[in-house]
Structures are given as structure tokens and as C-alpha cells.
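Structure first, commentary second.
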Amino acid sequence: MDNSLPYPSSPNDVPDNLTKASANFKKHAWLAMAGLMFFLVLYFALMAGFGFITYKGAMATYAGEADLWQILITVSALLLTIFMIKSLFAVRKSGSPRGVEVSSNDEPALFEFLHTLADEVGAPRPHRVFITAEVNAAVFYDLSLINLIFPSKKNLIIGLGLVNILNLGELKAVLAHEFGHFAQGSMIVGRWVYIAQQIISHMVATRDWLDSVVRFISRIDLRIAWIGWLLALILWSIRSLIDTLFSVVIMAERALSREMEFNADLVAVSVTGSDALINALHKLQSADHAWQTAMNVAESEARAGKVIDDLFSAQKVTIGEMRRILDDKSYGNIPAKPEGCDIDKHRIFTQETARPPQMWATHPANRDREDNAKATYIAADIDERNAWDVFNNPSELRQRISKSFYRVSKESELENISPVEAVTKSFNKPAYSPEYRGTYLNRSVVRNFSSVEEMLSSGELSENVADSIANLYPQSLAADLEAARNLDIERNTLEALGRGELKPSGGVIRHRGEELKKSDIPDAVKLIAEERKVIATKLKNHDASCRRAHLQLAEQMGQGWHEYLVSLIQLLHCSEHLWARLEDEQALFINTWSVINADGKIGYFEKRRMIKVCQNLHAIVNEISASALELQLPQPVAEALGIADWARQCPKFELREVNKKNWGEWCQVASERISDLVYALSIICDAALDELICTEVMLRKCLTDNTTPEAAPAPGASPSKYPLLIPGNENVLQRKLDLWNRFQLAHGFFPTLLRLLISMSIVGGTIFGGMMVI
């Protein structure tokens, strides 16, 4: 190997059996294989049945013995036979990811790195390599059932958002994991099941020329159209039957999938040691959040006419800013091993923080992966060189990928802004000072109160102003905030698992070190909600105490600061509730549209439902818009936003009443205007909070310096009544489809069973009837 190649060395003394398939893996592999064989036998039997009917009918027609009915049966069977055969040769195109493809000429060091790694782990070399912006690395490929015998060429995606936060040793571990899925001969069963799953899904979902023929027949004269209707019903039945039967195979594959992930991790361990992959997993959690934040900053800057030419620098700066705001030096860094702890016993993931990062959301929990990677501990130094070393011109590549974030037509109109300046400006807010422990980071301090009056009657206050102000933000507050964030993630994850939106790794739900049945989820969620309520009450009292302490200080200072501070609290309370209520109604609007359009068709009753939601939305948004128009912004807030006349610049909703004739056009226009109002309210919230915190900081400084502040600006004003949204009172979104759509899409046990019985009856009746007639 070329010594100039930036390729980390591999550990010595790796056990020969480290990556061998375990007994558990083999058991699940056999179950998955049995399910796949069962499915294939049924599939070919069904195809043979239609083929036999076609053959017998063709012979009878050739001999002149077939009547019109027999000819129709033969033609129908022929079309269905073609449908079954063509699905065997259908190719599911993976498509090209959003990014750029690179070759060995473009990136010679990268390709030598990848080829060396693939050869070392015994995996096929990647056929094509794509560079994207995401925090991700993945293998993808085109699929057909032919690939059950002949493997498809593998394409590799490398996300620069991932490269940006890893060192060279960690990058090798992550890519080795991806190659590990194809490195072991024992992985072939999982590959077979995966290929079959993708092709069957493609067959069920895809509509092609055969469907067009059936639709054409269905539109002919009624005397002929019924044949098309019958064929369409049979096609639906075959697709439904195949889809439902294959779900049995998928159930077996889920347990196998978990074992495959563990095995791929061990492949990474065999070439990088037990720590590199686990360290990468730990970094990915902060990288996900930092990348999304960088995207939000870039979007905000683009709206202001500026472009960030290197989004990956923005991601790195964001991690540093989060570390500063949370006053947590370990954020985005690997926790140090405690003194006296054996290296093989050291764990960086606890059960509570072991959720997978976004790129591996369907994988086993991180703690389980860490235990698996360290069960046989392989010691190895982690290559600390920069992961960017494998690229020929990292700076040019970063800018090229960053450029793809912006619309080409707009790029020439945008002015460059440095990543550091953009991110720092976004985080350069008084509310993001480390002294606040993250109190104002992505959370509201006013929405838990139904009114400002409730806030000012809550919390704790000392008779002495200095005592009230002292220690408002103790170190223990950071722990409470982190606990609240973790509980929210736990609850959201469990609820998504309960609804079926997330699939547990291996089909097993693991929570806090225990396995849960799906029926146990409501009790677990209830327990989390009780824990969260305790912390929420504590944080709510803290929020009230902060506002009351500063109002007490403002009253002592005089000069109109008490009235001004109250007006800022009222502005923040009003704008945040209006913003939250508007976003909630917008979410219901989008949710309803998604539900009624789930099967690609909107029926009469679904249309009526959508119109009713639109009518309610129209009334509520008009009320929110009217309340927003009543806001009188204090001069500092207006100046910070560049607003000269809020009454004139406030986005207006002003739409005519929705009805069954204009509802489609109404939805499009309403969506745009609601988004404008959401944005306007969001920037008022930000500006109001900034001014509130700045004012409180100034008053505390006056107290410390024993000085008297200048006269306060004229207070603003907020409407006396406005729509509210207390957390927990949001609209209940429809997470489950209605019965008809669940029947069509086989969501849930009983709809799936009903669809299976009906489709079996139709398909079985079709074959039986065909045999009898022929």
C-alpha cells in the first residue's frame, strides 16, 4: 500500500471468528429464508395458474371451440400472466441522490481509500460514488429479482456533513460498517430478503402500460367497460395478496436486520477497533442538530439576500456555539474515560441517551451497539488525522456542494457572508449567554401561562431585590433542561413506535433497558408524561420567578422601566401564542390534506372534510391576523426588525370564503399567506425576547453598579384578548388513516386481514372460474 495514502492502520490480534455469523443470526436467517421461499412458491404457483388458463384457452380458441366468454377469460388470464412475469424482470431504479458524482480521476485518494477498505473487509468495491451534503453514509443500488442470483453493483453515498465532524479513523469505521453489509457470505439471506422486499414494493406501487390498457378498456362503451372494471379488480387483488403475504417475510426480516447491523458493526470493529465506530455514533448526534441549524441559518440569510459559501464550516461553528450556550464542554466531544475504569468496561452511551442518530434511526439503540462492539474488546489507536485528507480539494468540494443548496437563478442576486459571521450572528443573542444554561434555547418561557397575570402571580420572590435576582440560573437548571429534552425525545419516539411510524430494530421495542410490547407503550408514555410534568412545573415556576424578579427590580429603578418591561412580556406572550396557534392550525391543514390524499384519490366525503377544515382555518386565521394587527411594537423592537409601520407591513390574510368550487385554489393561496404570517410572528417573537433579555441585563447592571438608568422607551401595547395555545392543547392530528384507506394500504391487523381475505377470494375465484370455463 502507498505510504502516502491517508489510510488508518488496522488493529492486530483480531479473533478469526469475530465477524462470523452468530447462532442467533443463523436462526433468524433461516426463518427469513423459509418465509421468502414460502412466498416465492405461492408467487410462482399463482403465475402458473394464470399461465395454464391462458394456454388452455389459447388451444381452445385455435381449435375453434371457444365461445366469446372463453375468449374473454383467456385474454384476461393472458394479461394477468404478463403482469406476473414482467414483475420478475422489473428493475427498481434507485435514482441519483442529490449531490455530485465523483470518479477516480476527480478524487484519486478517496477511491484508493475506498478500494483499500473494501478489499480489506472483503466487500465489493463501490461502482459509483456520490458526494452529498447530508450527515449520512449509505450504499444504494438498482434492484430486480435477477439480483437474487447475480448481485447488483453497489453505489456509495458519502455525506460531507458526516465527514466534517469525524476524524480519519472514525470515517473508516463508518464506511466499514456500510461495506460490512456485503462483506460476509452469511449476509446473503438478508440481501435476498431485502431485494425481494424492494421489488415487491415496486410491483405493488408502480402503475405502467398494463394499468393504462385496463383504464382504456374501462372507459369504452358500458358493454365493454365492465371487462376493464373486472380486470382492475383482479389486478388490485393480486397486488394486495402479494403485498400482504410478503409482509410475513418482512416480519422475519426485521429480526434478521438487527443481527445484520450488529454483524456490520463487528466488521468495522475488525478494521478500526472497538472505539472508533462508537465515537462516530456519539458525534453524529450533535452533528445532526448542527447541520439542521446550519441549514436554517442559511435559509434565513438567503431570505436577507446573502449566501454562505461553506455550509460545513457553519456546521462546525454551530457545534461550538451550542457548546458555549449550554456551557457544556463535552457537547460534540467524546466523554473522557473515568479514572480507574477498565477500557473494555467504559461506556459512553447510557440507556437514556442511547437513541440512534438520524442517519441510523432504524438501527439498534446506540448502547446495544456499544455493548456489541465491546463484547470482545479490540484495542486500537484511532487515527486522528482530518477526514478531509482523503479529498483532493476539500475547499472547492465544500463550496460546490454548498452551492447546490441555493437556487441557481437566485445565486447571482445573493451577497456572500462568511459562515462564522452568519452563525455567530444567529447565536449572538443575549438570551444565548452561557449564564442562562440554555433556558431560552428552543423553548418558550411564556406559553405555559394562560395570561401575563398568571405568570406574575406564580414563581417565588424575596422581599429584597438583590436576593430575588441572585442565583436565578443555578447549575442545576442545566440538568433540568437536559432532562426535559430527553423526556420529550423518549415520549415522541415511543408514540411514533406505537403508531407504527417508526419500526423497532429487530421488531423488538427496547426502552430504558427493558423490552416492551406494543401494548405496554401507553403505560410507558404515561410514566414519561408524569416525570415530564414534574420538571415542567419546576421550569414554569423558574420562568415566572425570572420575570417577577426583574419586574421587582424595574419598579425599584423607576424611570418607566416597570411599565416598559410589562409591555415586553405582554408582547412576547401574545406573539408566541399567536405564532404557536397559527402553526398548529397549519399543521392540521397539512395533516388533513395528507390523509385524504393518502391513496392518491380524493372522494366526495374527503373533499367535504377538507372544505370544512379550510372553513375553520379561515375563521381562526382571520382572528389571529386581526390580533396581530393590533400589536403596537415598542420603538427598539420595531427598529431591530426594520419595521417603520407595522399596521401597513403586517401580512394580511384577506381571502374570500372557501367553497366546493374554489377550494383547490384557496388551499394553495392560503398556504402561502399563512407561511408569510408565521414568519412575521416568528421574527417578532425573537425580537421581543432579545429586547426583554437586554432590558433585564441592563437593569441588573444598574443594580450591580448602583446607578440609575435613563428613562425607559415608550411601552408598546398588545390586544387584551387573543387566541391562545397552551402546550398540550394542540390539535389532535390524524395519525391513523380512515378505515377505507387502511384497508387499501393494509394498515393495521384487521384491515390487513380483511384485505387478505377479500383479495384471496377474488384471486382464488378468478382461477377457479377460469379452470371451470376452460
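Read the figures in this text as sums done on the coordinates, not as results from a lab. Just so it is clear, the structure is predicted and the values come from calculations on it, not from any experiment. Note that each Cβ is placed from the backbone with ideal geometry, even for glycine, and that neighbours are counted across all protein chains shown.
Can you list, largest first and rounded to whole Å, the semi-axes you get for segment 4-77 by taking the square root of 5 times each eigenvalue of its Cα gyration tensor?
Numbers: eigenvalues 666, 62, 12 Å².
Ellipsoid semi-axes (Å, largest first): 58, 18, 8.
Kindly put TRP291, TRP69 in sequence by how many other C-beta atoms sit within 10 Å of each C-beta, fewest to most. Spell out each step's value before the answer.
Values: TRP291 28, TRP69 9.
Least to most surrounded, the residues fall as TRP69, TRP291.
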Q) Excluding same-chain residues fewer than 8 positions from LYS652, which aspartates and glutamates have a Cα within less than 20 Å of its Cα? A) GLU576, GLU583, ASP584, GLU585, GLU623, GLU630, GLU665, GLU672, ASP676
Q) Once both labels are modelled 7 Å past Cα along the beta-carbon direction, what's the SER104-ILE227 spacing in nm? A) 5.7 nm
Q: Pull out the extension gain between ASP488 and ASN464, defined as 0.36 nm times the separation in residues minus the alpha carbon to alpha carbon distance; nm, one decimal.
A: 5.0 nm
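To the nearest 20 debye, what is the magnitude of the charge dipole of segment 429-552 about its Cα centre, counting +1 on the Cβ of each Lys and Arg and -1 on the Cβ of each Asp and Glu?
On the way: 19 positive and 19 negative charges, 94 e Å.
For this selection, approximately 460 debye.
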Q) Using all Cα-Cα distances in segment 558-735, what percent lands in each 10 angstrom bin from 0 up to the longest? A) 9, 32, 27, 17, 9, 4, 1, 0
(Q) What does the extension gain come out to for ILE334 and LYS652, with contour length at 0.36 nm per residue minus their alpha carbon separation? (A) 109.5 nm
Q) For LYS518, which aspartates and glutamates qualify as cross-link partners when the Cα separation must be under 12 Å and same-chain residues fewer than eight apart are set aside? A) GLU495
Q.
Which one, ILE569, ASN729, ASN597, projects farthest toward the positive side of the charge dipole computed for segment 558-735 from Cβ point charges (K/R +1, D/E -1)?
A. ASN597
Q. Counting only the backbone N, which residues of segment 444-466 are under 15 Å from the spot 7 Å out from the Cα of SER720 toward its beta-carbon?
A. 452-453
Q | Residues VAL297, VAL307 arranged by fewest to most Cβ contacts within 10 Å | A | VAL307, VAL297
Q: Kindly state, as a whole number, the per residue volume in cubic angstrom of the convex hull around the alpha carbon atoms of segment 429-552.
A: 140 Å³
Q. With labels modelled as points extended 7 Å from the Cα through the Cβ direction, what inter-label distance (nm, one decimal) is found for LEU441 paired with ARG512?
A. 2.5 nm
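Need the full-extension length gain, ALA34 to LYS526, defined as separation in residues times 0.36 nm minus the C-alpha distance. One decimal, nm.
Here the segment from ALA34 to LYS526 would lengthen by 173.2 nm.
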Q: Give me the lysines in straight-line cross-link reach of LYS154: C-alpha distance below 28 Å, same-chain residues under 8 apart excluded.
A: LYS20, LYS26, LYS27, LYS86, LYS93, LYS172, LYS283, LYS403, LYS503
